[in-house]
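Engineer: Okay, handing you the structure first.
The values are calculated or read from the model by the stated rules, or taken from the named source; none is laboratory data. Not measured: the values here are computed from a predicted model. We place every Cβ from the backbone using ideal geometry, glycine too, and count neighbours over all the protein chains shown. Calculation scope for accessible area: heavy atoms of the full protein, side chains included, ligands and nucleic acids excluded. Shrake-Rupley method; radii C 1.70, N 1.55, O 1.52, S 1.80 Å.
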Amino acid sequence: MRKNCFLLVAALFAFGCENEPPIAGSMSKSSVCSTAGYLIRQELGSKFKTINQKCVVKNTGGDNVEIESGYVSPINPTPFRYTAQGYVRGDNLVLQRIRVHGIDEEFVPFTSLGG
């Protein structure tokens with residue numbers, strides 16, 4: 001179920017941003033940012049907010065991307081900034097590693113984010 005929801009969300013973001021040129025695969029910067037925010041909420045929980053956070057996406061070679069953005073926890077109004085690394089295959093974003101600024105000294109596997 002989770003994968004199907006991700007594919008639907010990724011398709012909606014990709015469709016909504018079709019005027020933007022792709023940065024990797026067929027995804028634009030906006031669709032990468034939106035999908036990364038969705039993945040963060042899926043990993044941490046729906047009470048974490050990723051809307052209205054500055055997001056910068058860099059292509060680091062081929063279909064590899066680095067995303068710098070933030071999220072707000074339900075108990076702390078100050079955003080946590082993060083840098084995530086991953087890749088795009090077609091219209092699917094896969095986050096591999098993440099480093100939360102001020103918390104992680106090094107990158108950790110993305111699936112470790114939720115504990």
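Engineer: What number of residues in the stretch 75-111 are over 27 Å from PRO21 (Cα atoms), free of Cβ contacts under 8 Å to residues at least 12 places away in the same chain and open to solvent by less than 60 Å² (accessible area, probe 1.4 Å)?
Structural biologist: Number of matching residues: 3.
Engineer: List the residue pairs whose Cβ atoms are under 6 Å apart, where the first residue sits in the stretch 25-36 and is more than 16 Å from GLU66 (Cβ to Cβ), the second is among the β-branched types (Val, Ile, Thr) and open to solvent by less than 10 Å² (accessible area, probe 1.4 Å), and the two are 6 or more positions apart or on different chains.
Structural biologist: none
Engineer: Here is a further query. Scan the stretch 59-74 residue by residue and report those that are under 21 Å from PRO22 (Cβ atoms), of a type outside the set (A, V, I, L, M, F, W, C) and under 12 Å from the mean Cα position of the chain (by Cα).
Structural biologist: Within the stretch 59-74, GLU66, GLU68, SER69 meet the criteria.
Engineer: For the stretch 2-49, name all the residues that are assigned to a loop (DSSP other than H, G, I, E, B) and either crowded, with 20+ Cβ neighbours inside 10 Å or modelled with pLDDT under 50 (or both).
Structural biologist: CYS17
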